[in-house]
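What follows is one structure encoded as structure tokens, with my remarks underneath.
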Amino acid sequence: MDTHIYDMGDIDIAWCPGCGNYSILKIVKLALAELDIKPHELVLVSGIGQAAKIPHYFRTNFFNGLHGRAIPPATAIKAVNPGLTVIAESGDGDMYGEGGNHFIHAIRRNPDITNIVHNNMVYGLTKGQASPTSQLGFRTPVQVKGVFLEPLNPIALAIALDASFVARAYAGDIEQSKVIIEEAISHKGFALVDVFHPCVSFNKVNTHGWFKEHTYYLDDSHDPLNRLNAFQKAIEKERLPLGIFYKNPGKPTFEENVGLYKQDKTPLSFREKERGARLVNLIRSKK
Amino acid sequence: MSNKFAPDNSDVSVVLCGQAGQGIQTVERILVRLLKLSGFNVFATKEYMSRVRGGSNSTEIRVSSQRISAFVDRMDILIPFHKGALNHVQKRISPQTLILGDEEIIPDDFQTSGNRYVPVPFAQIASELGGKIFVNIVAAGVVTGMFQVEQSLLGNFIRKFFAEKSGEVVQKNIEAIKRGWEIGRKLLDSQKSRLESWKKQDVSEQILLSGAEAVGLGALAGGCNFLSSYPMSPSTGVMVFLSQQMDEFDLIVEQAEDEISAVNMALGASYAGARAMVTTSGGGFALMTEGVSLAGMTEIPVVIHLAQRPGPATGLPTRTEQADLELALYSGHGEFPRVIFSPGRLEDAFFLTQKAFNLADKYQIPVFILTDQYFMDSYANLPLLDASSAKMEKFIVRTKKGYRRYELTEDGISPRGIPGLGEGLVGVDSDEHDLEAHITEDLDLRKRMVEKRLKKLDSIQKDIVPPELFGSNDYKILVVGWGSTYGVIREALEKLGREDTAFLHFKQVYPLHEKTRDYLEKAERTIIIENNATSQFARLIKLYAGVDIEARILKYNGLAFSVEEVRARLKDIIG
């Protein structure tokens, strides 16, 4: 399938020229086209921030909700209509800061959604403050003494919670990132893809050059089914691994656990079962 | 000694008072069912402390020849379960109160001070049966004996009630209730009670519901198939009730990590085509207010059950109040329409909750059900609810190519599509948006969108539930109330017996019905009764109906009004 099917045509885009978000937009479209997922079969859910504007540059169903709240609606959309492919996509501030609690509990709940996090280690929309993933010492107009909070490590956190699928990509490598995101979307269960990308306006430290120098790909010797090894890789600090860290493919999903789809695969949204008789019986049982 | 149980033997109030963990709730559940099975009208309400063990909690069960739904201070029979009990309900003990209890827990001076006290060796009987845990069931037995419940009903009832317990435990409980029953019968004979001639009504075809169950059943009737919430007293009962219906009714009930997630999940589910609801209380709702605003902007239907308890902050977690009306009314930043219901009767809770789902869908707005702890935790019998009159109205459309979610229409209501149904694409956005839901800063369009959303209020007018008038149409004095105070105010007015005084009950508090002003202006004097400190509803009436209410009867100590209290305070005002 051609990616043009997702294109919005001639629109005004609010991202800075050279922003890593453009690459991620392209990568996600490529992955979806490769998987032959049509716009009406997809829902893109986002929160607030520069990355969270992605649904406006994408021809598909979308729910652009509140700051930090992409995951709860995405979870519910998938639960009431498992036939849809649901992607919750936003930035590091939105997902790991404002939405941190939802991120943690979504991993526990394990809905079959893909969580793509644009991670540029800085706040863009509010113009350059520290994000949860900003590195120690990173100076901003607010963090004038440099960041002293330990950066959040989403990969280690997700593996610690025994997430279903944990990966990291780099926006500068379109081909590899497309493969990772394709696999994440195809994976059954909550799939996290943390995507490194530079912020050309507000992060002069973690540039393309920096990412190239400080990342490397996990090679074939890495077994993504081995949680301990995955965790070890996740906490490496000198050079940051890219690729699929961890997979736990056997975990039942939230939609499976709610039990509504064991016999009847019809999405809850479309069920038209008459309740009258059951309700009358229930009321009578209160005699 | 009087030979009557109560001043009016067709209306007896039984109060059980014990520590948390002593099983008085079990006694309440057993008694309301057994008494109703035996043909009595029942009403039960409880006040309790926010603790799992200890303290002092009390339950009042009114047993009556007529349907009742109000708390009374009067205690005709009191069964204390622990030493602190008499102290806890001291103000309510009168010379007529018949007290049944173990000698060890009744202070000596109390026994000799002219109270109607009959010692009953609950603890001894319980220990003969195998332990203190049977005290509550023996007590339940005593009450059933006094009300002449057929002894043959007891065994089967207990077997069903404790169906999940082992055979031995069930057998001991049967023995316990029967031992109690014998004592109750003997008491009855010794008191030569007139209960013998009490005319019973046939309530066997009626049902027994708590406020929480009535809201839950209404949700099912309204087509609710998604509930996401976070447990918080006193709203959790609705969540528990619906959880038990998950399989039977194709329903998702999910305990979210917090209330923020709960409301955002509900909106996601509704966006995708579910009929979604949240149930919460003040502090939890405070967290949900961003979601209320999101529902307003995205025009996603959602039903919010807000069971009020006293605030601010954590307040009194297990007590009651009507102080979150303005919170519900003004929750969520920005301007957008909403509807707020406030059921007074159990039937109201059923039909209004069902209606809430239809209105939320029809107008694509948040609709509130405002209840409180008193309403949630009270039980009563009521005629069978007619589920067939509860119609589920659907407003979702199948989309075509080129569908736009926020199409501008004459009445402001855009046809609502859902993802995956039809060829169109469905977007929603928390930013100001264009017709396709894409972010916009076109300020002319912004103005049109604000007007589109607010225009829905015009159509909502025709669906407003009118206030209900009780008493003569030629009233000179009008008493106004809303929500859960319905039963207490009605009974207080009946007892007051003034023909010039009528009661206007609002089960929809926002938007106000157009007749509100006429009703109020017709009265020479107006009195509002509210379970809060600042008469929020009177303020709302002033704001939206333009009428000042003259007198206020307010209560904000965390307890519900009693019939006696309302009657006395009305009398003070009316004379």
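Nothing in this text is a laboratory measurement; each read-out follows from the coordinates by a stated rule. Just so you know, these numbers come straight off a predicted model, no measurement behind them. In this analysis, Cβ positions are derived from the backbone assuming ideal geometry, glycine residues included, and neighbour counts consider all displayed protein chains.
Observations
- Pairs of alpha carbons in the stretch B:362-436 whose separation is greater than 21 Å (percent): 52 percent
- Around B:His88: net Lys/Arg minus Asp/Glu count, Cβ-Cβ under 15 Å: +3
- Each peptide in A:242-254, B:134-146, B:25-37 gets a packing score, the mean of other Cβ atoms within 10 Å over its residues, and the list from highest to lowest is B:134-146, B:25-37, A:242-254.
- Over the protein assembly as shown, the alpha carbon radius of gyration divided by the compact-protein estimate 2.2 N^0.38 Å works out to 1.08.
- 15 Å beta-carbon shell around A:Gly65, net charge (K/R +1, D/E -1): -4
- Shape analysis of the stretch B:388-475 places it in the oblate category; the axes a ≥ b ≥ c from the Cα gyration tensor give an a/c of at least 1.5, with a/b not above b/c.
- Only alpha carbons enter this Debye calculation for the stretch A:1-107, each as an equal point scatterer, and the log10 of I(q)/I(0) it gives at q = 0.14, 0.16, 0.18, 0.20 Å⁻¹ is -0.53, -0.70, -0.88, -1.07.
- P(r), alpha carbons of chain B - 10 Å bins starting at zero, rounded %: 3, 17, 25, 24, 17, 9, 4, 1, 0
- The amide H of B:Val479, built 1.01 Å from its N in the peptide plane, has B:Ala502, B:Phe503, B:Leu504, B:Ile527 as neighbours under 5 Å, considering only residues 5 or more places off or on other chains.
- Note: relative contact order over chain B, using C-alpha pairs below 8 Å and six or more positions apart, is 12 percent.
- In units of the rule-of-thumb radius 2.2 N^0.38 Å, chain A shows an alpha carbon radius of gyration of 1.06.
- Overall dimensions of the stretch B:468-574 as given by Cα atoms, namely Rg and Dmax in Å: 12.5, 35
- Gyration tensor (alpha-carbon) shape descriptor, the stretch B:478-538, a/c threshold 1.5: oblate
- The stretch B:11-203, dipole about Cα centre (Lys/Arg Cβ +1, Asp/Glu Cβ -1), debye to the nearest 20: 520 debye
- Peptide A:258-268, shielding by other chains (average Cβ, 10 Å cutoff): 3
- Span from the the stretch B:31-96 Cα centroid across to the the stretch B:332-361 one, whole angstrom: 31 Å
- For the stretch B:285-375, the spread of Cα positions along the three principal axes, ordered from largest to smallest, is 35, 30, 14 Å.
- Summing +1 for each Lys or Arg and -1 for each Asp or Glu among the other residues whose beta-carbon sits under 13 angstrom from that of A:Gly49 gives -2.
- Placing unit charges on the Cβ atoms of the charged side chains and taking the dipole of the protein assembly as shown about its Cα centre, the candidate lying farthest along the positive direction among B:Gly55, B:Gln373, A:Leu136 is B:Gly55.
- Using a cutoff of 8 angstrom between alpha carbon atoms and counting only pairs six or more residues apart, the relative contact order for chain A works out to 17 percent.
- Globularity ratio of the stretch B:97-188, using Cα Rg and 2.2 N^0.38 Å: 1.15
- Residues A:Asp10, B:Asp474, sorted so that the one with the fewest Cβ neighbours within 10 Å comes first: A:Asp10, B:Asp474
- Ratio Rg/Rh [Cα only; Rh per Kirkwood] for the stretch B:209-383: 0.93
- When each of the peptides B:162-172, B:532-542, A:193-203 is scored by the mean number of other C-beta atoms lying within 10 Å of its residues, the order from highest to lowest reads A:193-203, B:532-542, B:162-172.
- Of every Cα-Cα pair in the stretch A:111-189, the percent that sits beyond 23 Å: 35 percent
- Cα shape, the stretch B:523-575, gyration tensor, a/c 1.5 rule: oblate
- Taking the Cα centre of chain B as reference, the dipole from Cβ charges on Lys and Arg (+1) and Asp and Glu (-1) amounts to some 1200 debye.
- Remark: A:Leu260, A:Leu282, B:Leu16 ranked as A:Leu282, A:Leu260, B:Leu16, counting other beta-carbon atoms within 10 Å and listing the fewest first.
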